[in-house]
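Colleague: Quick one: this structure, given as structure tokens, is what I'll be asking you about.
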Amino acid sequence: MTLMDRLKAQIRLEGPMTVAQYMTACLHDPDAGYYATRPRLGAEGDFITAPLVSQMFGELIGLWCAETWSRMGRPARVTLAEVGPGDGTLINDALRALKLAPDFLAAADLWLVEPSSPLRDRQAEALAGAALEPRWADGLAGLPVENPAILIANEVLDCLPVRQFQRIETGWAERLVGLGEDGELGFGLARRPLDRALPEAPLGALVEVSAGQEAFAAQVAGRVMRQGGAGLLIDYGRAEPGFGDTLQALKGHERLSPLATPGEADLTVHADFPAVLAAARAEGAQAGLLTQRAFLLRLGIAERAGALARARPAQADKLFRQLDRLIGEAQMGELFKVACIHAPGLVPPAFEAA
Ligand SMILES: C[S@@+](CC[C@H](N)C(=O)[O-])C[C@H]1O[C@@H](n2cnc3c(N)ncnc32)[C@H](O)[C@@H]1O
């Protein structure tokens, strides 16, 4: 039975499901979920991410980690954790650059937070022979608690489940996934008691409540408040509160209906950075936000690209194309944002005046 068949059977039996429940089934169903069974990252796969665009991305983040550790007062042990490391490219590039910071490497314990078993295998392969040997956890709660932590999560917020609500004449209705008259999956609306206040909105407006993203930010914040450290959350998304449906499915780099092929496509939403920052600040942590462009420029990506181009002139055009893809205003530079959640008093690199 396909996941599509099972979801239809479940809806016939139990009624329509929330968009959050649908996302979780599509991404993590143990027998057919996208990440559980067939994640395909990269040019040959379904989507591409910043570390796959250029090694400079992971290298600069690695150096950011070492400098953050230095500004934390160089604790004797520190947990270096990447959440959702995909195929391991980012952390592998980071560890290579971190050979320039041997004291940090000597202090760091590497943890990868990864629910996907096929991706854990890819990560183990990528890191064979790397400067640190990784250990894995299923979730943030599985990380050791005795040391401060530096956490990285690139394109993870976007796969955490959201609920969607639409403003109707009589108030708010939740958008649900149910069955149409033709027996196929379709979206519908149902009046439901709300467990939180929603913003004033014009009739027809759709608002996403990113409970999964808020919970994730609160967990990162709780952790840096208790043990110290910082978390870097990078994703595409909004910097101001807004309305609109951002649920999208990607397969072979093409967008398709989120209901078309459950479990066979990557399913994402935009990160809701105002909600992420608010959830972190509610725990007492400090939180700043930069565009990816500003973040990478402050870390010196333009100089790094120039140095690489001088060392490998034959590659210069390719390097500058990659640079433009990462920081170009019409490319990833403005749509992607970098949130830093950190212990009060710590000023992580690039966030001095954020
Ligand atoms: C879009 S990929 C990004 C991969 C990688 N960070 C990159 O930039 O190439 C999303 C990653 O988050 C992981 N992931 C999905 N849901 C997660 C969750 N609830 N908690 C932690 N990681 C999750 C996926 O298995 C995958 O490794």
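The values are calculated or read from the model by the stated rules, or taken from the named source; none is laboratory data. The model shown is predicted, which means the values in this text are computed figures rather than measured ones. Quick reminder, even Gly has a Cβ in these numbers, built from the backbone with ideal geometry, and neighbours come from all protein chains shown.
Colleague: With the structure loaded, tell me whether Leu90 is touching a strand residue (DSSP E or B) at 6+ places or on another chain (Cβ under 7 Å) and modelled with pLDDT of 95 or more or whether it fails that test.
Modeller: Details: touching a strand residue (DSSP E or B) at 6+ places or on another chain (Cβ under 7 Å): yes; modelled with pLDDT of 95 or more: yes.
Yes, satisfied.
Colleague: Still on this model: Within the stretch 133-152, does at least one residue satisfy the condition of being within 10 Å of the ligand (Cβ to nearest atom), surrounded by 22 or more Cβ atoms within 10 Å (Cβ to Cβ), within 24 Å of Phe47 (Cβ to Cβ) and at pLDDT 95 or above?
Modeller: From the stretch 133-152, those within 10 Å of the ligand (Cβ to nearest atom) are 137-140, 152; that's our starting set.
Then drop every residue that is not surrounded by 22 or more Cβ atoms within 10 Å (Cβ to Cβ), which leaves 152.
When the remaining residues are screened for being within 24 Å of Phe47 (Cβ to Cβ), the result is 152.
Checking which are at pLDDT 95 or above leaves us with 152.
Checked against the condition, which is being within 10 Å of the ligand (Cβ to nearest atom), surrounded by 22 or more Cβ atoms within 10 Å (Cβ to Cβ), within 24 Å of Phe47 (Cβ to Cβ) and at pLDDT 95 or above, the stretch 133-152 yields at least one hit.
Colleague: Considering the stretch 125-141 alone, what residues qualify as being over 18 Å from the mean Cα position of the chain (by Cα) and touching a residue at least 12 places away in the same chain (Cβ under 8 Å)?
Modeller: In the first step, residues of the stretch 125-141 are kept if they are over 18 Å from the mean Cα position of the chain (by Cα); the result is 125-135.
Matches in the stretch 125-141: Glu125, Ala126, Leu127, Ala130, Ala131, Leu132, Glu133, Pro134, Arg135.
Colleague: Using the structure shown, decide if Gly242 is modelled with pLDDT under 95 and small (Gly, Ala, Ser).
Modeller: Details: modelled with pLDDT under 95: yes; small (Gly, Ala, Ser): yes.
In short, yes.
Colleague: State whether the residues of the stretch 275-286 include one that is assigned to a strand (DSSP E or B), over 23 Å from Ile48 (Cβ atoms) and not β-branched (Val, Ile, Thr). It would help to see each step written out before you state the result.
Modeller: The initial filter retains those residues of the stretch 275-286 that are assigned to a strand (DSSP E or B), namely 286.
Next, from what is left, pick out any that are over 23 Å from Ile48 (Cβ atoms): 286.
In the following step, the residues that additionally are not β-branched (Val, Ile, Thr) were identified as 286.
Scanning the stretch 275-286 turns up at least one residue that is assigned to a strand (DSSP E or B), over 23 Å from Ile48 (Cβ atoms) and not β-branched (Val, Ile, Thr).
Colleague: Now for a separate question. Yes or no: Leu13 more than 19 Å from Cys340 (Cα to Cα) and at pLDDT 95 or above?
Modeller: Values: more than 19 Å from Cys340 (Cα to Cα): yes; at pLDDT 95 or above: yes.
Criteria met by Leu13.
Colleague: Same structure again: Hey, could you check the stretch 97-124 for residues that are in contact (Cβ under 8 Å) with a residue 60 or more places away in the chain and part of a loop (DSSP other than H, G, I, E, B) and say which is nearest to the ligand (Cβ to nearest atom)?
Modeller: Our first condition is that a residue be in contact (Cβ under 8 Å) with a residue 60 or more places away in the chain; within the stretch 97-124, this holds for 115-119.
This time we only want the ones that are part of a loop (DSSP other than H, G, I, E, B), so: 115-116.
On the way: Pro115: 5, Ser116: 4 Å.
Residue satisfying both the conditions and the ranking: Ser116.
Every residue, every condition in (1) surrounded by fewer than 18 Cβ atoms within 10 Å (Cβ to Cβ); (2) more than 30 Å from Ile341 (Cα to Cα), yes or no:
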{"position": "Asp182", "(1), (2)": "yes, yes"}
{"position": "Gly188", "(1), (2)": "yes, yes"}
{"position": "Leu198", "(1), (2)": "yes, no"}
{"position": "Gly204", "(1), (2)": "yes, yes"}
{"position": "Ala218", "(1), (2)": "no, no"}
{"position": "Val224", "(1), (2)": "no, no"}
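Colleague: Those residues that are more than 15 Å from the ligand (Cβ to nearest atom) and either surrounded by 22 or more Cβ atoms within 10 Å (Cβ to Cβ) or not in a helix (DSSP H, G or I) (or both), I need them from the stretch 66-96; list them, please. Lay out the reasoning, then the answer.
Modeller: Filtering the stretch 66-96 for residues more than 15 Å from the ligand (Cβ to nearest atom) gives 66-79, 96.
Passing the criteria: Ala66, Thr68, Trp69, Met72, Gly73, Arg74, Pro75, Ala76, Arg77, Val78, Thr79.
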